[in-house]
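First comes the structure, then the notes that go with it.
Bear in mind these aren't lab numbers, they're just calculated from the coordinates by the rules spelled out. This is a predicted model, so every value here is computed, not measured. Positions of Cβ are generated from backbone atoms using ideal geometry, with glycine treated the same way; all protein chains shown enter the neighbour counts.
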Amino acid sequence: MTSPSPNSNNDTEGEVRRQLTALLTAVREMNPHGTKPIPTNPSHFNLLARPLRSTTACRICNLPGHNSDSVDRSPMCRSAILSLIDFWEDMVEHIRYLYANSERFKTAVNASTATYEMRLDSSAKIGGAMEEVVVHSLTRNYLKWQSHSAGIRPKAVRILMAGDCGRYERVTMTLNDFLLDGKTRESFRLLEFGVDGCLANWLLVSQLFEESISEEKVHAE
Ligand SMILES: [Zn+2]
């Protein structure tokens, strides 16, 4: 067995730093001081990074930066939804690399527990090691996206095209595994029962909700 040369160790360390910096940049945009203006044609842009104000959101898709007046003529809604899918696909690449190459990041992911509360802008943030803060902030924002997607599901299935739904499904399957403690297994079970992929993922949010209710019951008893 050959051990890695010092150079390849340095390469990995450098790449871990670069990947972690990319996630940190995304997380920084999730706090009010780090927000960037919303581009006219959002692409790979996290439209849910900042707190959502219903007054400035599109009344069809509830995302900021544009306004559509009909669910059947809403290319801007589709662009906005796709921008979020692009953004999270980018996050998956960073998360996947760091999980495989950074013990600290992997530990932070494995120790993180998602709760239904975390979907809210007002939910508590945590302090701690950089990796823990990054994983916690990403999980909060991921749940916010899932919760938003659940809220617009009936419209989204009309706005999106068939291939879009497949991308949404793949990226959420992967992120459920990393950030929601393997909840993908549950959506696979739903797929076996013939529930369509998009719906299976949308149901995960209600599953977290039910878990939080039963937790409350346990604490109350
Ligand atoms: Zn819209």
| task | Compute the projected area of the convex hull of the Cα atoms of segment 1-130, averaged over all viewing directions, and report it in nm² to one decimal place. | result | 10.9
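Just need the Rg to Rh number for segment 62-166, please, alpha carbons only, Kirkwood Rh.
On the way: Rg = 16.1 Å, Rh = 15.5 Å.
Rg divided by Rh gives 1.04.
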| field | Karplus-derived 3J(HN,Hα), 6.51/-1.76/1.60, for each residue of segment 122-137, Hz, glycine and proline x | value | 7, 5, 5, 8, 10, x, x, 5, 3, 4, 5, 5, 4, 5, 5, 5
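Taking K and R as +1 and D and E as -1, what net charge do the other residues with C-beta under 15 Å from the C-beta of I60 add up to? Spell out each step's value before the answer.
On the way: positive: R59, R73, R78, R153, K155, R158; negative: D69, D72.
Local net charge: +4.
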| field | Sequence ranges 119-127, 43-51, ranked by mean other-Cβ count within 10 angstrom, highest first | value | 43-51, 119-127
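Where a ≥ b ≥ c are the square roots of the eigenvalues of the C-alpha gyration tensor, would you call segment 69-116 rounded, which needs a/c under 1.5, or, failing that, prolate if a/b is larger than b/c, or oblate?
It comes out oblate by the Cα gyration axes.
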| With a sphere of radius 15 Å drawn around the Cβ of E29, what net charge do the other residues whose Cβ falls strictly inside it have (Lys, Arg +1; Asp, Glu -1)? | +3
| query | Are there trypsin sites (Lys or Arg not before Pro) in segment 49-113 that DSSP marks as loop and that have at most 11 other Cβ atoms within 10 Å, and which are they? | reply | R53, R59, R73
